[in-house]
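These notes are about the structure you will find just below.
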Amino acid sequence: MTMGSLSGAKKPFKTVIKANIGDAHAMGQTPITFIRQVIACVTYPDLIKNSDFPADVKQRAKDILKACGGGSVGSYSMSQGIELVRRHVAEYIEKRDGHPARWQDICLSTGASTAIKNVLQMLCNKIDGKPSGVMIPIPQYPLYSASLAEYGLEQVRYYLDEERDWGLDVAELTRALKQADKTCKVRALVVINPGNPTGQVLTRANIEAIVKFAHENGLLLLADEVYQKNVYAPGSEFFSFKKVMREMGEPYSSELELASFMSVSKGYVGECGLRGGWMELVNLQPEVQAQLYKCISAMLCPTTLGQTAVDCVAKEPAQGEESYEVWSREKAAVLASLAERATMIAETFNSMQGFKCNVVQGAMYAFPRIELPEKAIAAAKAEGKAPDVFYAFRLLEETGICIVPGSGFGQRPGTYHFRTTILPQPALLRHMLDSFKTFHQNFTKQYS
Ligand SMILES: Cc1ncc(COP(=O)(O)O)c(C=O)c1O
């Protein structure tokens, strides 16, 4: 199909490559069989009796159905989610961190987005006549800026350090906090690890410094850890904020207030449309947690199919179970392919004149910095567009590659970036990078 405008204009490409959104299945990633079989069985329980699905799939579906009201996923669940699934999530966290997790502190959600919004909404009251402020990274994932605007919360922007693999610098956090103190009461700090749009994986030392900062300043820490399974670079490792704060001992272990978020939309699963997620709440005052749960209950419950997917992610097939081999092969293949694409993309960008791309250590994105010629900047201004937006539109019009300009996430003034996902399948990604390269050469030539 030839893509064109509504007037049917011909374009010099056959399809739009949607590298603008972290939606793995939309870019051809295949679902994990185990998850889909369990979902099929809970949705159509006849399959438990009359199919040749593996025994562990059938058992899992039976367990989930037994935990549902009336034995059907068509019923509402508890507002915080099906107890069995919450218990499995707590077990997953215990295994991940090597520290206890209470199932009562796990709240399932309609994707991570809803849980994040619920926690932010808790902060929307004024303190001493001042609005509440929330520290967010720049560049940031736009759910945060949008939700803060919706709830009348102030954005307290701290810049990630591009020169240090998009790490967090405590001096920069302190600067942002001090500056904001004049206009609002800063109450929370958001950290996205592994990072979107920046693809970094924070070091343990960096996480420790952030924990100290949040504790010293009495901030609730929102740890967006939806990409915890997406770590590719040799030497990079995911450490949850919960694990690190527990291992730092007192006073952090029992005093730092933490909400951490996870999703089935990411990882090796990519089930964005099923809308499954969870949050773990740590050290919240019991009355505060009770109020939060009460607010959440107004929305009844997260989708039960999303909860089913959460169950499959939290309690993966165990070695010796019938599904184990296929499941582990599929999981390894997805993660290996993402790792290969992460390397391919950063290497190609770094071979291009005027591009500088940090290693894609994790998540699903590259966020390269580009130098734009003065004449291109002037041409953008003449069209009333930000220079990176101008570049992104030209790229789309000439190649069909759809990326998001850096200004959509925030960037240091005077710098230009864009975000692309690493999600096009390898052959398409190779094609995309080749035509990107040609486009950039022509663009640079035209404006130099
Ligand atoms: C950093 C980050 N947090 C949260 C989300 C929301 O995920 P979900 O689909 O679970 O709502 C995304 C989605 O891309 C994300 O990148």
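Near Ala101, within a Cβ-to-Cβ distance under 13 Å, what is the net charge of the other residues, with Lys and Arg +1 and Asp and Glu -1?
+3
Just tell me which lysines come within less than 23 Å, Cα to Cα, of Lys178; anything on the same chain fewer than 8 places away is out. The reachable lysines, counting only those whose Cα sits under 23 Å from Lys178, are Lys126, Lys130, Lys212. Sorted into 10 angstrom bins from 0, the C-alpha pair distances of the range 341-434 split as 16, 50, 29, 5 percent. Based on protein heavy atoms only, the range 26-107 ends up with 49 Å² per residue of surface accessible to a 1.4 Å probe. Between the residues Gly400, Ser79, Ser254, the greatest Cα displacement towards the positive end of the dipole of the chain, with unit charges on the Cβ of Lys, Arg, Asp and Glu, is found for Gly400.
Between Lys385, Lys185, Lys242, the Gaussian network model of the chain with springs among Cα atoms under 10 angstrom shows the greatest mean-square fluctuation at Lys385. Backbone phi angles across the range 313-326, fed through the Karplus curve with coefficients 6.51, -1.76 and 1.60 (θ = phi - 60°), yield HN-Hα couplings of 6, 6, 10, 6, x, 8, 3, x, 7, 4, 7, 3, 5, 4 Hz in residue order; Gly and Pro are listed as x. Largest mean-square fluctuation among Asp105, Asp169, Asp46, in a Gaussian network model of the chain whose springs join Cα atoms under 10 Å apart, belongs to Asp46.
Under unit Cβ charges (Lys, Arg +1; Asp, Glu -1), what dipole magnitude, rounded to 20 debye, does the range 354-448 have relative to its Cα centre?
180
Which whole-number percent is the relative contact order of the range 76-314 (Cα, under 8 Å, 6+ apart)? Relative CO of the range 76-314 lands at 26 percent. Once the range 76-314 is represented by equal point scatterers at the alpha-carbon sites, with solvent omitted, what log10 I(q)/I(0) does the Debye formula produce at q = 0.07, 0.09, 0.10, 0.18 Å⁻¹? Each listed q corresponds, in turn, to -0.20, -0.34, -0.43, -1.53. For the range 208-266, the alpha-carbon radius of gyration amounts to 1.20 times the rule-of-thumb value 2.2 N^0.38 Å expected for a compact globular protein. Across all directions, the average flat footprint of the convex hull enclosing the Cα atoms of the chain is 23.6 nm².
In this structure, the amide hydrogen of Tyr141, modeled 1.01 Å from its nitrogen in the peptide plane, lies closer than 5 angstrom to no residue at least 5 positions away or on a different chain. Applied to the range 286-294, the Karplus parametrisation 6.51 cos²θ - 1.76 cosθ + 1.60 on θ = phi - 60° returns per-residue 3J(HN,Hα) values of x, 5, 5, 4, 5, 5, 4, 4, 5 Hz, with x for Gly and Pro.
With contributions of -39500 (n - 2.57) from each DSSP H run of at least four residues, the per-residue ellipticity at 222 nm computed over the chain stands at -13000 deg cm²/dmol.
Scaling the Cα radius of gyration of the range 66-176 by the globular reference 2.2 N^0.38 Å produces a ratio of 1.40. Annotation: amide H of Asn358 within the under-5 Å range of Phe367, Arg369, sequence separation 5 or more or interchain, hydrogens built in the peptide plane. Converting phi to 3J(HN,Hα) with the Karplus coefficients 6.51, -1.76 and 1.60 and the offset θ = phi - 60°, the range 185-202 yields 9, 6, 10, 8, 10, 9, 10, 10, 9, x, x, 10, x, 9, x, 8, 10, 5 Hz in sequence order, with x at every glycine or proline. Rounded to the nearest 20, the Cβ-based charge dipole of the chain about its Cα centre (Lys and Arg +1, Asp and Glu -1) stands at 1020 debye. Overall, the accessible surface of the chain at a probe of 1.4 angstrom is composed of carbon and sulfur to the extent of 54 percent. Close amide H contacts of Arg157 (hydrogens built in the peptide plane, cut-off under 5 Å, sequence separation of 5 or more or a different chain): Ile136. For His25, the solvent-accessible surface computed with a 1.4 Å probe is close to 50 Å², ligands and nucleic acids excluded. The range 70-118 and the range 283-299 have Cα centres spaced 14 Å apart. In this Cβ point-charge picture (+1 for Lys and Arg, -1 for Asp and Glu), the range 76-314 has a dipole of about 440 debye about its Cα centre. On a per residue basis, the range 360-436 carries 37 Å² of accessible surface, using protein heavy atoms and a 1.4 Å probe. Summing +1 for each Lys or Arg and -1 for each Asp or Glu among the other residues whose beta-carbon sits under 14 angstrom from that of Leu84 gives +2.
For the range 251-319, the average shadow cast by the Cα convex hull is 6.4 nm², which is a quarter of the hull's surface.
The values are calculated or read from the model by the stated rules, or taken from the named source; none is laboratory data. Fair warning: this is a prediction, and the values are worked out from it, not measured in the lab. Neighbour counts run over all protein chains shown; Cβ positions are idealised from the backbone, glycine included. All accessible areas refer to the heavy atoms of the entire protein, side chains included, with ligands and DNA or RNA removed. Shrake-Rupley method; radii C 1.70, N 1.55, O 1.52, S 1.80 Å.
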